[in-house]
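Take a look at the structure below.
Please treat every number below as a calculation from the coordinates, not as lab data. Just so you know, these numbers come straight off a predicted model, no measurement behind them. Note: ideal-geometry Cβ built from the backbone for every residue, glycine included; neighbour counts use all protein chains shown.
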Amino acid sequence: MAIQAGRIRILKDVEPRRAGRYVLYLLQQANRAHNNPALEYAIEEANRLDLPVLACFGLLDGSNGFPEANARHYAFLLQGLADAAAGLGRRGVGFCLRKASPADLAIDLAGQAALLVLDRGYLAIQKRWYGEIVAAVAARIVQVEGDVAVPVEIVSGKHEYAARTLRPKLHRHLEDYVAPLTARRVKRRAGGEVPDSEVDVADPEAVLAGMSLDRTVGPVRRFTGGETEARRRLAAYLDGPFAHYGSDRNRPEAGAASHMSPYLHFGQISPVEIVLAVRAARTGGKEDRTAYVEEIVVRRELAMNHVHYTDGYDRYARAVPEWARKALAEHAGDPRPKTYTEAELAAGQTHDVYWNAAQAEMRETGYMHNHLRMYWGKKILEWSPSPEEGFARTLRLNNRYFLDGRDPNSFTNVAWVYGLHDRPWARRKIFGTVRYQSENSLRKFDAKAYLRTVEELCRAERG
Ligand SMILES: Cc1cc2nc3c(=O)[nH]c(=O)nc-3n(C[C@H](O)[C@H](O)[C@H](O)COP(=O)(O)OP(=O)(O)OC[C@H]3O[C@@H](n4cnc5c(N)ncnc54)[C@H](O)[C@@H]3O)c2cc1C
């Protein structure tokens, strides 16, 4: 199946260089060797030019580290890169990893490339790298958008108001884009032209040990990175828990969630591959499939739309809609029955045992169920001295502890707590007309069973 033209953007429209030694692919968002449209595009071009493909990855280290990334995130990333490099090698694609910014590495290696292929992310830092690359590389540059079902600008040319405005636009294109991607056979296998890697990517623990980074938040045992593990988990999920996703997805203790978010965040699995697998699953009915596609396509790509079209998506004043900021400002002086410091929140030292358990799951294991993330975020708003401070704290905690943090979904969902993509509700203290979530929402599931689950998870983390 051809790669859909809507995924492909020519960023520098010059002929491929005749003297090029390889087609260069900067692996950055889509860290996988399969179901990766940018990689398949690079292979097609290399086959046409009778050249090998060289994939490269720039690892940010020390003071040059990726914003807010710590040892937990890097451990998962490096496990994924080890797996991707092995998969690329089996396919005959070369791989080179250097401690450099992705833009600097691509600019350096593009000197000998016939053309450069990029994948696509939507965060400000990624957009900055693309700009630096386009400004400095003289060769042809093509970007292939493969970490969404439907390319963001095909869905909509503007910031969408809510899921209900995005949904019909997305569904109009979905069937054109949710299609299997066959692995192209590499004609010229990479060999002598592959530059040495600075570190041995096959040994993620050693690479991590040699990096200068924030180690106050450590790796977790609960999740191992990589596309092999992502696919194993997906298959196990579709064989069992998926069958009650429709009915139980809002019950954290029921085990109906897929835990795909860390793998999606690090580009270790394709959302299209997941949707196709969900559709083909032997378990589950129409309700399960519809509910899952709504989350992974509509909700997830609403987040991409928000981040792509919002300058300053990480700032309260830009990310939160005006009506909600006004409503919260009107109630900023309301007495807060309880307030906690950020350190108390991080340590899970509040009066609310369920909130503390959710915080423990996040802090110790890097994950929390969606239903509890909503409760967790709304309570931070309630217990913080001001909405601005609440927003900043929530984002910091979210991005520090979640494996899937620092994602478009992180910025968008934290802003959702403060009214983004929502509508005004009945007025009440502290929240104004922004949606409130009370302790009653804990009665909708077996909260005591959730406490026991978290205890077990934390025990397993400690080993
Ligand atoms: C305050 C708050 C903070 C959040 N922070 C993050 C974050 O940092 N990173 C992150 O990826 N998600 C975040 N979410 C969204 C959501 O909670 C997670 O994506 C989901 O819980 C991941 O678990 P799962 O893969 O088991 O989900 P499943 O229920 O199995 O869903 C499958 C996939 O659908 C997507 N999805 C599910 N729920 C949502 C949602 N509400 N919005 C957007 N996409 C969704 C995710 O890609 C998810 O992997 C946050 C939500 C809230 C309310």
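Helix 353-365 axis versus longest C-alpha principal axis of the chain: approximately 20°, rounded to the nearest ten. Considering every alpha-carbon pair of the range 1-147, the percent of pairs per 5 Å bin, from zero through the bin containing the longest distance, is 2, 10, 20, 25, 22, 14, 6, 2, 0.
Working from label points 7 Å from Cα in the Cα-to-Cβ sense, the K448 to R172 distance is 5.2 nm. Helix 447-462 axis versus longest C-alpha principal axis of the chain: approximately 50°, rounded to the nearest ten. Cβ-Cβ distance of S63 and T216, R₀ of 25 Å, FRET efficiency by 1/(1 + (r/R0)^6): the value works out to about 0.95. Can you list the residues of the range 346-365 with backbone N under 17 Å from a point 7 Å past the Cα of R232, pointing along Cα to Cβ? Residues passing the 17 Å test: none. A DSSP coil position with no more than 15 other Cβ atoms inside 10 Å describes none of the trypsin sites (Lys or Arg not before Pro) in the range 22-115. Most tightly packed first, judged by the mean number of other beta-carbon atoms within 10 Å of their residues, the peptides 180-190, 102-112 read 102-112, 180-190. Taken as Cα centroids, the range 66-128 and the range 272-351 sit 28 Å apart, rounded to the nearest whole angstrom.
How would you classify the range 166-269 from its alpha-carbon gyration tensor, with a ≥ b ≥ c the square roots of the eigenvalues: rounded for a/c under 1.5, else prolate if a/b is greater than b/c, otherwise oblate?
Numbers: a/c = 2.31, a/b = 1.30, b/c = 1.77.
Oblate is the answer for the range 166-269, as a/c is 1.5 or above yet b/c matches or exceeds a/b.
Neighbour counts of C-beta atoms inside 10 Å place H173, H306 in the sequence H173, H306, starting with the fewest. Since only H421, G225, W376 are under comparison, the one whose Cα sits farthest along the positive direction of the charge dipole of the chain, derived from C-beta charges on Lys, Arg, Asp and Glu, is H421. Among beta bridges identified by DSSP and lying wholly in the chain, the antiparallel ones come to about 20 percent. Restricting the range 322-378 to trypsin sites (Lys or Arg not before Pro) that sit in a DSSP loop and have at most 14 other Cβ atoms within 10 Å of their own Cβ leaves K338.
Dividing the helix sum by the residues of the chain, where each DSSP H run of 4 or more adds -39500 (n - 2.57), gives a mean residue ellipticity at 222 nm of -14000 deg cm²/dmol. Taking Cα centre as origin and charging only the Cβ of basic (Lys, Arg, +1) and acidic (Asp, Glu, -1) residues, the dipole magnitude of the chain rounds to 900 debye.
With R₀ set to 25 Å, the beta-carbon distance separating A138 from R9 gives a calculated FRET efficiency near 0.85. Summarising the amide proton neighbourhood of L59: residues at separation of 5 or more, or on other chains, whose placed amide H is nearer than 5 Å comprise R98, K99, A100.
Taking the charge dipole of the range 316-462 about its Cα centre, with +1 at Lys and Arg Cβ atoms and -1 at Asp and Glu Cβ atoms, the residue from A360, A447, Q349 reaching farthest to the positive side is A447.
Residue order for K158, K127, fewest other beta carbons within 10 angstrom first, comes to K158, K127.
The angle between the Cα long axis of helix 71-91 and the longest principal axis of the Cα atoms of the chain comes to about 30 degrees, rounded to the nearest 10. If you take the Cα centroid of the range 3-19 and the Cα centroid of the range 27-47, the two points sit 13 Å apart. Full extension of the chain between D104 and R462 yields a length gain of 125.0 nm, computed as 0.36 nm times the residue separation minus the alpha carbon distance.
If I take all pairs of Cα atoms in the chain, what percentage of them are more than 31 Å from each other? Above the 31 Å cut-off, the chain has 43 percent of its Cα pairs.
In terms of its Cα atoms, the range 372-432 spans 35, 24, 20 Å along the principal axes, sorted from long to short. Mind giving me the FRET efficiency for K187 and E344? R0 is 51 Å, r the Cβ-Cβ distance, nearest 0.05 is fine. So the FRET efficiency works out to roughly 0.30. A protection proxy built from the mean count of other Cβ atoms within 10 Å ranks the segments 342-351, 113-122, most packed first, as 113-122, 342-351. The shape of the range 316-462 can be summarised by an equivalent ellipsoid whose semi-axes, obtained from the alpha carbon gyration tensor, come to 25, 16, 14 Å from longest to shortest.
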